[in-house]
Amino acid sequence: MNERHARAVLFSAIEGGHPFWSQEIYATSALAVLNKLQNGGYDRIRFADLCARISKSSADLILSSIEETASTFLIPGDENWPKRVEDLVAPPIALIAKGNLDALAADSLAIVGTRNPTNYGARIAGDFAAGFVDRDWVIISGGAYGIDTYAHRGALIAEGSTIAVIACGIDVNYPAANTRLFEEICESGALITEAMPGVKAMPHRFLTRNRLIAAMSLATLVVEAAFRSGSLRTARDAAELLRPVMAIPGPINSPTSEGCHRLIGERAAEIVTSVADAVEFIGLNQ
């Protein structure tokens, strides 16, 4: 058993974004934590289910199941590991990636927003994605319908790279209508997940994956978002990491812009109205 094998076992047994286990692993090592779990170093009653899952796990089988999806199992220290995720309070135990992994090292902008955008929001997402691609940046988003999709497509139309951080297994096409989009993304960019192959998307997994979007990016842009929105969580995650956060203003009576106006009004995001504005703001705050 080595560190990679230990991370594979813990990755398969622990839900992504768990603060306690992430901090335990990063404070020592996955191998040390796994040995401690196997030898009764943690409360056997409190962690009985976890210990049971680990006892039935095989690192070789876990890694083989990942390889079968034509994906790569990444851990800290690997050449393509996105080191910025280590700034999180609960950094990932590992990640599964598919596509052009060189894209993970590039300067990147997160573009997030509602799943039900207006034509205005859809156009802005695509335009900003293309504008940053023209400056050799990679676009990061969540692969969902709406603003995510328009951001990914904007990057691809501009012949750039984009990364989709998904909330399910690398082999689960969710949403199904974006299957072709995911294939196109992998040609120049990558898919990233914190879940094992076969794992379905669940509401809580979208919230935990949002922190990865924020952490992997040098800055975050919210295009359209409702007053209560997962995109605002991504923006706040980015702010907690002291990364620049920007928001696009919309009509004052548009429900899809209420979240952006909230961020701007609370001084949680900088108002931007052009790619040049965004580039200047990011440059001043790095």
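Rule-based calculations on the coordinates, nothing more; no lab input. Note that the structure is predicted; figures quoted are calculated from it, not measured. Every residue, glycine among them, receives a Cβ derived from its backbone with ideal geometry; neighbour counts consider all protein chains shown.
GNM on the chain, alpha-carbon springs under 10 angstrom: the most fluctuating residue among HIS261, HIS152, HIS18 is HIS18.
Please count, across the chain, the pairs of lysine residues with Cα atoms under 25 Å apart that sit 8 or more places apart or on different chains.
Details: LYS36/LYS56; LYS56/LYS200; LYS83/LYS98; LYS98/LYS200.
Summing the qualifying lysine pairs gives 4.
Highest GNM mean-square fluctuation among LEU212, LEU232, LEU31, for the chain modelled with Cα contacts below 10 Å: LEU31. Most simply put, the chain has about 25% antiparallel DSSP beta bridges, counting only bridges with both residues inside it. Normalised by 2.2 N^0.38 Å, where N is the number of residues, the C-alpha radius of gyration of region 100-175 stands at 1.03.
Shown here for region 24-108: GluC sites (Glu not before Pro) in loop regions (DSSP other than H, G, I, E, B) with at most 14 other Cβ atoms within 10 Å, namely GLU68, GLU79. Extent of region 143-200 along its three principal axes (Cα atoms, max minus min coordinate, largest first): 32, 20, 16 Å.
Find the Cα radius of gyration of region 198-286, compare it with 2.2 N^0.38 Å by division, and give the number to two decimals.
On the way: Rg = 13.3 Å, N = 89, 2.2 N^0.38 = 12.1 Å.
Dividing the Cα radius of gyration by 2.2 N^0.38 Å gives 1.10.
Please say if region 3-99 is rounded, prolate or oblate, where rounded means a/c under 1.5 for a ≥ b ≥ c the square roots of the C-alpha gyration tensor eigenvalues, and otherwise the choice is prolate for a/b larger than b/c and oblate otherwise?
It is oblate, given that a/c is not under 1.5 and a/b is not larger than b/c.
Computed on the Cα trace of region 47-165, the radius of gyration divided by the Kirkwood hydrodynamic radius gives Rg/Rh = 1.08. Whole-Hz Karplus values for region 240-251 come out as 5, 8, 6, 9, x, 10, 10, 9, 8, x, x, x Hz, taken residue by residue from phi with 6.51 cos²θ - 1.76 cosθ + 1.60 and θ = phi - 60°; glycine and proline positions read x. Of the trypsin sites (Lys or Arg not before Pro) in region 228-259, the ones in a loop by DSSP (not H, G, I, E or B) with at most 16 other beta carbons within 10 Å are ARG228. What you get for region 3-99, charging only the Cβ of Lys and Arg (+1) and of Asp and Glu (-1), is a dipole of about 220 debye around the Cα centre. The convex hull drawn around the Cα atoms of the chain, when projected onto a plane and averaged over every direction, covers 14.4 nm². Could you state the number of Å between the C-alpha centres of region 146-162 and region 207-233? Using only Cα atoms, the two centres lie 16 Å from each other.
Could you pull out which residues in region 28-45 have an amide N less than 16 Å from a spot 7 Å beyond the Cα of MET1, following the Cα-Cβ vector? Label zone hits: 28-44.
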